[in-house]
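In what follows, a structure is listed as structure tokens, so that the remarks can point back to it.
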Amino acid sequence: MATKSVKTAQRYAMVIDAKKCINCKACVVACKAENQVPLGVFRNWIDEETSGEYPHLRMSFDPEQCHHCADPSCVRVCPTGASWQREDGIVLVNEDDCIGCKYCIIACPYDARYHNPETHTVGKCTFCSHRVDRGELPACVETCPSKVRVFGDLNDPKSQLHQLLATRRYEVKNPQTGNGPQLYYLL
Amino acid sequence: MERRTFMEIIGAGSLILPPLACGLRRPVAAGPTFLDGIATTCELCPNKCSVLAVVKDGHITKLNPNPDNPKSRGMLCARGNAAVQQVYDPDRLKQPLIRVGARGEGKWRPASWDEAFDYTAKKLSDIKAKHGPEGTLWSSTEGFQEIFFKNLGQAFGSPNVMRHPSLCLASVNLAYSMTYGTVPSFDLLNADYVIMAGANRFESIITPDTMDLIGGTMERKAKLIYLDPRFTVTASKADEWYPIKPGTDMAFILAMMNVIIAENRYDKAFLESETVGFEQLVEHVKPYTPEWAEGETEIPAQDIARIARAFADAAPRAVFYAGRRSSWYQNDFQMRRAQALLNAIVGNWDRQGGMVPNQKIAKGEFLVLPWDDPKAARVDEVEKAFPLASAKDGVYLPLRENLLKGQPYPVKGWMIYKQDPLHALPDQGKTMKMLDQMEFVGVIDIAMSDTAWYADVVFPESHYLERTDPIEVMPGIWPAAVYRQQVVKPIHDTKPCLEIAQGLAKRLGLSDYFDYTIEQWVEAEAKELPIQNGLEHMKQRGVVAVSQPKYGTTRNPVHRFLTKSGKIELFSDRLKEAGHDPLPVYTPPVQPSGGRFRLVLGRKATITHATLTNLPWLHEHNPENDLWIHPEPAAKLNIQSGDLLEVSSSVGQVRIKARVTQEIRPDCVFMLHGFGKKSPWLKRVHNVGAADSVLLETAWDKVSGNAAMHETFVKVVKA
Ligand code: SF4
Ligand code: SF4
Ligand code: SF4
């Protein structure tokens, strides 16, 4: 687990049980509402994959968003320091400092960032840090009928997230990037 | 061994606490806090999920799920989340409108409420003078304030109060009522073996079934067998998916019973003590072998037999799920009866993981002054033509036929609440004729629906987030009572349905029947809730729930089922007396020929009701509907994805783009509902895609009168 850079008490991460996802888009719409994300761009989305030949078809869904990497390339390339990482691991963009150069969009291996056509700054998933700071769950986590996402503190052994990672097999996406992604997909 | 219950699955050890077990609204792992959301109840579909609305500076910023409601299981779906956009929709109805141009021309004059009430009351009174009160039709869709609208129609003296079930679930409800004397719920959270036919529960959300099925199939590894001509999300999650030949579900069910009975896998003791007519059923299903059913359903005989055995072995934790919208075929009632019998013979009745009679929550009632019964019989002649159906709900399509013929008497005024008949009913052309022959049409809605666009007066209703509504009881295994309270004051010149009914009542001389406020109404209801300070509790938390399911309460020798015999009626004398098959007899459905396709309908999680397609956050995922067609016929017709098609049935023709996909049987086509709107005020879907209702032909189930919407064959050519 890519948790070596964590020095503080908390390290937020997410476990995703993608098999339970029914592609209902509740998480996607809840994120839009919570974060006033403009139409046409998304902080989270569902990757769909269909395969096979009729009638032997398969379909899978993968919820996606910023992986809040332990060593985020987006932060590394940002020329103004607008992209930054909190001590608890949450990666954010400070809109006031963002000049809209889009370096970070290119540098992100997970395609998690978008250019906001209204503000001309870059946006992305914040793990709903404003909610988390109030002690609430991210909007996508809370609203999901399947409870596909489990949000929590990697360093808290009592958290459901910690317990899932201790007892279930999982993978991270594109580990070769060296970014240390913090979205853990259950197998 | 005791099985896990709801409490264990969503309770301890997870992030959601069991309902009412804690003093915190939205407890989370990171450290619980108390959020000052206003508790209310979602109105975007009939599930009535509990919501906590966050308001900043008088503006609703977010709707969050309220975990107190055991039925919504702590979730709020995409539609529920998008409800805020209805409130702040710049195109919503903002004041009463009176038509000035021709119907449908779109020329409106803004009117004061007084003017709109006076105008409407005059029209209704004129019609009453000429044709009697039965000359008016009052139709509506399910909603907490529907009662006020219905009451107005009844107090006015009209027998023609038309509710929505005969466009939806009338056949399934009647089939289970005729068999068990009640409509039960299915305990998907605890079932080990679930068969669903066409009930696309992972896209067409029903609470708590959708979430419980996820818990059941994915956390407990229950088996899910799924029959559907389409490869839906539910099909993708099922252990086995069979693209059954449409209209043949009953053959599959009868063959399952054949195997279970022939191999003595039924619950003998239960059948002996709780049912009547098993001997007749034994004889009845003998010819319906799996080999025979294979020819009908295209599902291999050995699979049918294997599923039948596994189903019986898993019983009582095995269910053949009933489904919700059952407006499919002309034999829909009998098909659902067959399901009800299959469930009965394995003895899953009132068992954990089986089929469970609903619990209710007590609530008080506000007593209104009673009005006289209407003098005329209903124009749909439901008592005569469908004596077993619910006379108070009516039968919509037979009503339309009679109305167009002026039989048995003319109906010239139409009041509509919260419904868009041009999309809700099959055969839009016919509905348009019905509108045309009306001397007056009044619509109460929040947006300019297509029907509103053709109305004479449009009354803007306040949005659910701007209103306080009656308390609603949701029966179920986890019953709840929910409350909808005003979150923000109406931002436009709108009124709740009750005040609209009162405004009209005053001018129609019916004020005595509406002499109360919503607060008085709710107070009377709250008084008898099974909780202290019911009203205060509702205002704080929005929901009262009994968290523990009760199993087996009807499994005792003194229990009488609410049927004629007091038992579960496998063989039904009442059906026989009414001239219907007392046991479900299979007739092969007519299949499309001459290169035509069967048009099948369905929903997805972001698009259910026709009114939702215009919401930006939902529209973004469904910008336009298209016609699903299998690659094989598509190749023959030289059709590629994106091609514009001309699709026609015997009643209408539309243009729609093609989606060539393997996710449908080669003999069917499919399209989503709610597109191809005529109302320019629904600008995202105005003339975008096509309306299924244009193509759908008029047909109904013979016993319940429920619409049969999967009986239309269409021709498809490149435009
Ligand atoms: S809300 Fe949950 S089930 Fe629905 S799309 Fe998102 S992750 Fe999937
Ligand atoms: S996923 Fe992309 S945007 Fe998110 S932290 Fe990693 S590199 Fe940055
Ligand atoms: S299922 Fe969705 S639309 Fe229906 S009541 Fe619940 S949140 Fe609202």
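Relative to its Kirkwood radius, the Cα radius of gyration of segment B:304-351 gives an Rg/Rh of 1.01. Accessible surface computed residue by residue for the protein assembly as shown, with neighbouring protein chains in place and a 1.4 Å probe, gives 36 Å² per residue.
Sorted from greatest to least, the principal axis extents spanned by the alpha carbons of segment B:584-719 come out as 46, 40, 26 Å. Beyond 51 Å, the tail of the calculated P(r) for the protein assembly as shown holds 17 percent of the Cα pairs. For the residues of A:54-67, the average number of beta carbons from a partner chain within 10 Å of their own beta carbon is 3.
Pair-distance distribution of segment A:41-187: all C-alpha pairs, bin width 5 Å, starting at 0; shares per bin in whole percent are 2, 8, 16, 21, 20, 15, 9, 5, 2, 1, 0. Consider all pairwise Cα distances in segment B:642-691 and report the whole-number % of them above 17 Å. Cα-Cα pairs in segment B:642-691 separated by more than 17 Å: 43 percent. Between residue B:587 and residue B:130, the simple spin-label model (points 7 angstrom out along Cα→Cβ) gives 4.0 nm.
Here the protein assembly as shown carries DSSP beta bridges of which approximately 60% are antiparallel, counting only pairs with both residues inside.
Report, for segment B:404-519, the % of DSSP beta bridges that are antiparallel, rounded to 5. So the antiparallel bridges in segment B:404-519 amount to around 25 percent.
Rounded to the nearest 20 debye, the dipole size of the protein assembly as shown about its Cα centre is 560 debye, using +1 on the Cβ of Lys and Arg and -1 on the Cβ of Asp and Glu.
At 222 nm, what helix-only mean residue ellipticity would the protein assembly as shown give, in deg cm²/dmol to the nearest 500, using -39500 (n - 2.57) for each DSSP H run of four or more?
-7000 deg cm²/dmol
From the alpha carbon centroid of segment B:687-701 to that of segment B:52-100 is 29 Å. About its Cα centre, the dipole of chain B is roughly 720 debye, where the only charges are +1 on Lys and Arg Cβ and -1 on Asp and Glu Cβ.
If you sort B:596, B:79, B:163 by accessible surface, 1.4 Å probe, largest first, the order is B:596, B:163, B:79. Rank B:687, B:644, B:634 by how far each Cα sits towards the positive end of the charge dipole of segment B:605-719 (+1 on Lys, Arg Cβ; -1 on Asp, Glu Cβ) and give me just the farthest. Of the listed residues, the answer is B:687. Based on alpha-carbon centroids, what's the gap between segment A:119-187 and segment B:412-429 in Å, whole number please? Value for the Cα centre distance between the two parts: 46 Å.
If you count, for each residue, the other Cβ atoms within 10 Å and average over each peptide, how do B:206-217, B:148-159, A:148-159, A:168-179 line up from highest to lowest?
Details: B:206-217: 24.8, B:148-159: 23.1, A:148-159: 20.4, A:168-179: 13.5.
Final packing ranking: B:206-217, B:148-159, A:148-159, A:168-179.
Residues of B:663-671, mean number of Cβ from any other protein chain within 10 Å of their own Cβ, rounded to a whole number? Could the numbers behind the result be given before it?
Working: counts 5, 1, 2, 1, 0, 0, 0, 0, 0.
Whole-number average of other-chain Cβ neighbours for B:663-671 is 1.
Under the combined filter of DSSP loop state and at most 15 neighbouring Cβ atoms within 10 Å, segment B:234-273 retains these GluC sites (Glu not before Pro): B:263. Placing +1 on the Cβ of every Lys and Arg and -1 on the Cβ of every Asp and Glu, with no other charges, gives segment A:12-186 a dipole of roughly 340 debye about its Cα centre. A crude spin-label estimate for the pair residue A:170 and residue B:391, with each label 7 Å from Cα along the Cβ direction, gives 6.2 nm. Whole-percent P(r), chain B, all Cα pairs, 10 Å bins from 0: 3, 14, 24, 27, 21, 9, 1, 0.
A Förster radius of 30 Å, combined with the Cβ-Cβ distance separating residue B:547 from residue B:264, puts the computed FRET efficiency at roughly 0.15. Its alpha carbons give segment B:515-596 an Rg and a Dmax of 24.0, 66 Å.
For segment B:456-609, how big is the tail of P(r) above 23 Å, as a whole percent of Cα pairs? Of all Cα-Cα pairs in segment B:456-609, 68 percent lie more than 23 Å apart.
Across the cross-link table entries B:150/B:360; B:237/B:604; B:56/B:527; B:527/B:567; B:48/B:107, which are compared at the Cα atoms, the separations over 25 Å belong to B:56/B:527; B:527/B:567; B:48/B:107. Taking amide H as placed 1.01 Å from N in the peptide plane, the amide H of residue B:185 sits under 5 Å from that of B:356, B:358, each at least 5 places away or on another chain. The candidates A:119, B:608, arranged from most to least accessible area with a 1.4 Å probe in the full protein assembly, appear as A:119, B:608. For the segment B:229-242, counting C-beta atoms of other chains within 10 Å of every residue's C-beta and taking the mean gives 3.
The values are calculated or read from the model by the stated rules, or taken from the named source; none is laboratory data. Note that the structure is a prediction, hence the values are computed from the model and not measured. Every residue, glycine as well, gets a Cβ built from its backbone with ideal geometry; the counts of neighbours run over all protein chains shown. Just so you know, the surface numbers come from the protein's heavy atoms only, side chains and all, with ligands and any DNA or RNA stripped out. Shrake-Rupley method; radii C 1.70, N 1.55, O 1.52, S 1.80 Å.
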